[in-house]
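In what follows, a structure is listed as structure tokens, so that the remarks can point back to it.
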Protein chains: 2
Amino acid sequence: MSLAEYGRVTADAFTVLAEPTRRRILDRLRRAESSVGELVTDLGVSQPTVSKHLRVLREAGLVSSRTAAQQRIYRIEVRPLQAVDGWLAPYRRLWTSHLDALERHLDSQEP
Amino acid sequence: MSLAEYGRVTADAFTVLAEPTRRRILDRLRRAESSVGELVTDLGVSQPTVSKHLRVLREAGLVSSRTAAQQRIYRIEVRPLQAVDGWLAPYRRLWTSHLDALERHLDSQEP
DNA sequence: GCGACATATGCCTGTCAAGGCATGTACGGT
DNA sequence: ACCGTACATGCCTTGACAGGCATATGTCGC
């Protein structure tokens, strides 16, 4: 099963999100866009590691970057996350009805 | 429901969902619980492969199994998916608020 | 218990991703 | 032009994991 002849295939959002550090990067970027250096200090991870994760995130379309002086400012792009949400949506129906019933029950107990 | 409550389960769920075949298994189980054999024929994957994926899914709490005669019937468990949804929720606001803003704009343009 | 069926597991191999370290590249200030 | 800052990339090692194949476990009907 070799993909070598087809060239590099960009990883899908699920694969990219499997990495805890990458989710931490996104969690950090969700509050505010930031430079690589800020991510390094905030997350306590080495700079090359952050840059590599950012590359993976960028190639999967989960973040984009703009250049500001010597820094590169990264921000979240939501489209791949929408795709994940789209996959999750039909599953959400499996528990929302149950939760709604629970909420109605709690509301009736707690005025 | 607090995000911290999901905690440890979350990381595992993301890793488990990174595998396309496992997502296909869940997609199949979402419509109806089923035996291993049914999954094998429906997905066109070898039986050991399916069993291994089911083990990973089971250990992550994403599915549960009951024994019926010689078969084992697998069904989806939603809690780890709720954890994923819990992680995704704050991001969802990133685009729903944009959409809301867009809708308000369009509404103001359209008398 | 025996044979047939359904599923789980063990072993092996190839693939690939992650992090440490060193180095390359781009930009700005002086 | 030089130096320092900010970031990217290349190489290397380690470890995880998926799938194929063979085999073990478990369950039923007889």
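The values are calculated or read from the model by the stated rules, or taken from the named source; none is laboratory data. In this text, all values refer to a predicted model and were calculated from it rather than measured experimentally. A quick note on method: Cβ atoms are made from the backbone with ideal geometry, for glycine too, and the neighbour counts reach across all protein chains shown. Just the protein is used for accessible areas: all its heavy atoms, side chains included, with ligands, DNA and RNA removed. Shrake-Rupley method; radii C 1.70, N 1.55, O 1.52, S 1.80 Å.
I'd like the full set of residues that are open to solvent by 50 Å² or more (accessible area, probe 1.4 Å) and not basic (Lys, Arg), limited to the range B:57-95.
B:Glu59, B:Ser65, B:Thr67, B:Ala69, B:Gln70, B:Gln71, B:Glu77
Considering only the range A:1-23, state which residues are within 10 Å of DNA strand C (Cβ to nearest atom) and at pLDDT 95 or above.
A:Thr15, A:Val16, A:Leu17, A:Ala18, A:Glu19, A:Pro20, A:Thr21, A:Arg22, listed by residue number.
Considering only residues that are under 17 Å from A:Val50 (Cβ atoms) and either at the interface with chain B (Cβ under 10 Å from one of its Cβ atoms) or within 19 Å of the chain's Cα centre (by Cα) (or both), which ones fall in the range A:67-97?
Selection gives A:Arg72, A:Ile73, A:Tyr74, A:Arg75, A:Ile76.
Mind checking which residues of the range A:31-53 are open to solvent by 60 Å² or more (accessible area, probe 1.4 Å), assigned to a helix (DSSP H, G or I) and more than 8 Å from DNA strand C (Cβ to nearest atom)?
Of everything in the range A:31-53, those that are open to solvent by 60 Å² or more (accessible area, probe 1.4 Å), assigned to a helix (DSSP H, G or I) and more than 8 Å from DNA strand C (Cβ to nearest atom) turn out to be A:Arg31, A:Glu38, A:Thr41, A:Asp42.
Between a residue in the range A:78-98 that is polar (S, T, N, Q) and any residue that is modelled with pLDDT under 95, which pairs come within a Cβ distance under 7 Å, given they are 6 or more apart or on different chains?
Qualifying pairs under 7 Å: A:Gln82/B:Trp95.
Would you confirm, using the coordinates I've provided, whether A:Leu26 is surrounded by 15 or more Cβ atoms within 10 Å (Cβ to Cβ), more than 10 Å from DNA strand D (Cβ to nearest atom) and in a helix (DSSP H, G or I)?
It is true that A:Leu26 is surrounded by 15 or more Cβ atoms within 10 Å (Cβ to Cβ), more than 10 Å from DNA strand D (Cβ to nearest atom) and in a helix (DSSP H, G or I).
When you scan the range A:12-36, how many residues do you find that are in contact with a Ser or Thr (Cβ under 8 Å, 6 or more places away or on another chain) and more than 8 Å from chain B (Cβ to nearest Cβ)?
Number of matching residues: 3.
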